1. Filter region 58-79 down to the residues that are within 19 Å of Asn182 (Cα to Cα) and either in a strand (DSSP E or B) or among the aromatic types (Phe, Trp, Tyr) (or both) and list them by number.
2. Determine whether region 143-155 contains at least one residue that is of a type in the set (S, T, N, Q) and loosely packed, with under 15 Cβ neighbours inside 10 Å.
3. Just to be sure, is Val101 within 22 Å of the chain's Cα centre (by Cα), in a strand (DSSP E or B) and surrounded by fewer than 19 Cβ atoms within 10 Å (Cβ to Cβ)?
4. Do we find that Gly52 is outside the structural domain of Ile178 (by TED's automatic domain parsing), under 23 Å from Pro173 (Cα atoms), at pLDDT below 90 and under 20 Å from the mean Cα position of the chain (by Cα) in this structure?
5. If we scan region 60-67, do we find a residue that is modelled with pLDDT under 90, within 20 Å of Glu153 (Cβ to Cβ) and more than 12 Å from the chain's Cα centre (by Cα)?
6. Tell me whether region 123-130 contains one or more residues that are of a type in the set (Gly, Ala, Ser) and closer than 14 Å to Leu62 by Cβ.
Amino acid sequence: MSVTRRVRRFRARSGPTGRGRCGSSRPSSRRPCRCRRRRRRRGLLRRVGCPGSRAVGVPRRLRFGTGPVDAAMGLRGMTLTLTNCGKRPYAVGGYPDVVAVLGPEGTRVSGVRAVAGTDQVPMAPPDPGPKAFVLRPGERARAGLYWRMAAEEGSYLRVAPRTGQAAVTLPLPDPLDIGPRNTLGATAWVPAG
């Protein structure tokens, strides 16, 4: 079918008002109509993991996620991600607040102390330091969690975006071999690029 025929068919379907299929009053404008912009935004949020992985207690506009545990020479590391699934920007700054590490039964692993920064975890990479930034809808931030190998396993993490906010119970894909006496160091949030 030729381009001219396609254009005629489109004009015939759109009716005398000149509206396109989606209801835009300006089908020839460069800016996409509202329904296309909404579809594009929804697709972006789906691509980055919203709203799929919903943990218990997560604020509706935020999603937490974790990466696999990396292990080398007794040092363990894991990435913690925060995704803005809302419609408005979300201000991020400082460190994630790791409230507790929970065992398979949901009880607190005794003796685990969470600290901001990695100075107290031997051989951990340096902390970039806290910097304030804004997550636009669909964007992610990441932080690193580091600890030394131990015997007792943690299956859940209680974490909040920052101190003073509601904590979330996050199931972990890989158990943390962190207890009974250990230090869990968290790096500052940085934009995930």
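The values are calculated or read from the model by the stated rules, or taken from the named source; none is laboratory data. If you're wondering where the values come from, they're calculated on a predicted model, not measured in any experiment. Neighbour counts are summed over all protein chains in view; Cβ atoms, including those assigned to glycine, are modelled from backbone coordinates with ideal geometry.
1. Asp70, Ala71, Ala72, Leu75, Arg76, Gly77, Met78, Thr79
2. Looking for residues that are of a type in the set (S, T, N, Q) and loosely packed, with under 15 Cβ neighbours inside 10 Å, one finds none in region 143-155, hence no.
3. Considered against the rule, which asks whether it is within 22 Å of the chain's Cα centre (by Cα), in a strand (DSSP E or B) and surrounded by fewer than 19 Cβ atoms within 10 Å (Cβ to Cβ), Val101 comes out as no.
4. Yes; evaluated as a whole, the condition is true for this residue.
5. No, there is no match, as no residue in region 60-67 is modelled with pLDDT under 90, within 20 Å of Glu153 (Cβ to Cβ) and more than 12 Å from the chain's Cα centre (by Cα).
6. Within region 123-130, none of the residues are of a type in the set (Gly, Ala, Ser) and closer than 14 Å to Leu62 by Cβ.
Yes/no per residue for (1) in contact (Cβ under 8 Å) with a residue 40 or more places away in the chain; (2) basic (Lys, Arg):
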site: Ala116; (1), (2): yes, no
site: Pro126; (1), (2): no, no
site: Leu135; (1), (2): yes, no
site: Gly144; (1), (2): yes, no
site: Arg148; (1), (2): yes, yes
site: Arg158; (1), (2): yes, yes
site: Pro173; (1), (2): yes, no
site: Leu184; (1), (2): yes, no
